[in-house]
1. Under a plain spin-label model, where a point goes 7 Å from the Cα along Cα-to-Cβ, how far apart in nm are residue 130 and residue 51?
2. Classify the stretch 134-217 as rounded, prolate or oblate from the Cα gyration tensor: take a ≥ b ≥ c as the square roots of its eigenvalues, call it rounded if a/c is under 1.5, otherwise prolate when a/b beats b/c and oblate if not.
3. Rounded, prolate or oblate for the stretch 21-112? Axes are the square roots of the Cα gyration tensor eigenvalues, ordered a ≥ b ≥ c, and the cut-off for rounded is a/c under 1.5.
4. Using a 7 Å offset from the Cα along the Cα-to-Cβ direction at both residue 26 and residue 137, what is the distance between the two label points in nm, to one decimal?
5. Please compute the length gained on full extension between residue 212 and residue 44, using 0.36 nm multiplied by the number of residues separating them and subtracting their Cα-Cα distance.
6. Could you give the length gained on full extension between residue 221 and residue 160, defined as 0.36 nm per residue of separation minus the Cα-Cα distance, in nm?
7. What spacing in nm lies between the two simple spin-label points modelled at residue 61 and residue 148, each 7 Å away from Cα in the Cβ direction?
8. Rank by packing, highest mean first: peptides 156-167, 217-228, with packing defined as the count of other Cβ atoms within 10 Å averaged across residues.
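Just so it is clear, none of the values below were taken in a lab; they were calculated from the coordinates. The model shown is predicted, which means the values in this text are computed figures rather than measured ones. Here the Cβ is made from the backbone with ideal geometry for all residues, glycine too, and neighbour counts use every protein chain on show.
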């Protein structure tokens, strides 16, 4: 709070709750409180040291496994996937992709593939299958991180799905896409190539144009569509010799 020239360190909704915050800070710190706080800080230091030891052991093991180390390096290039998540993904699914006939078999094994609920030729919403809960949690975490990136195809995919299906299902779908990408990246031995935020729209430009024009017309606006001289391409500087990584719609 601003008092005696000090800066206001409140953030978010706390800025509008000055009096409530002041009352919450009022109290008396007893010897018992100091003892409990000391114990909590000591335990926190112990956990930090334990995490550091475990991470050092993991890095030591990776240094002895060049195939796993290379796979981690490749997956670390995916938006939303840092080194820790890359290690988790590689540790759970391995580096031998010949065990899975396709990326869809991998997603089914991991438990991130959508369930099958079809009656009378109509597909209905179904829960995802049971699978590797650690891999599932890591992929959902990576999906939420990818949704916070800027100008990436994964962020665009998350936004499209979240608007229709909700954030939870969108995160699971993007996580499934990340796992499919990991399958192909490890099998091909190549890093991640972003297709750009306009990739999905450019797959069917006419449908995208009609949808956006209809939305503007419902707002009472008259729309005149004119083609630009340099229209956006479906892929940003993508190497034609390598097929694009799967991106679920």
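1. 3.1 nm
2. Since a/c reaches 1.5 but b/c is at least a/b, the shape of the stretch 134-217 is classed as oblate.
3. Prolate.
4. Here the modelled spin labels are 4.1 nm apart.
5. Once the chain is fully extended between residue 212 and residue 44, it gains 55.3 nm.
6. Taking 0.36 nm per residue and subtracting the Cα distance, the gain is 19.6 nm.
7. Label at residue 61, label at residue 148, 2.8 nm between them.
8. Peptide ranking by packing, descending: 156-167, 217-228.
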